[in-house]
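Have a look at the structure below, then the notes.
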Amino acid sequence: MEDEVAHTGVVYAHVKHIKLDEIISYCLSVYRGHTPAYIVFYDSDFLLYMSTDVVDVIGTDVNAIKTLKETYAYIYDSLHNKYVK
């Protein structure tokens, strides 16, 4: 879709077989200040979104999410925990 007046557009794509090191490289480049793409990575267990100020991880494995929360407790924002039982 394209806005002809503003000369901006959106591309929707589904890319398969992305290597983990490529995802890590993308995340590190955003962390270092590069402009993020509005992109989501997912597999059968997790969905990952990253921007310049937030990393969202959604998963079905309760133990894996708990481990992530414990590992990154010093930077984990627990604001929304009150909505999750």
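The values are calculated or read from the model by the stated rules, or taken from the named source; none is laboratory data. Values in this document were obtained by computation on a predicted structure and should not be read as measured data. These area figures cover heavy atoms from the full protein model, side chains too; ligands, DNA and RNA do not enter into them. Shrake-Rupley method; radii C 1.70, N 1.55, O 1.52, S 1.80 Å.
Estimated at the nearest 10 Å², the accessible area of residue 43 is 90 Å² with a 1.4 Å probe.
Residue 70 contributes about 120 Å² of solvent-accessible surface, heavy atoms of the protein only, 1.4 Å probe.
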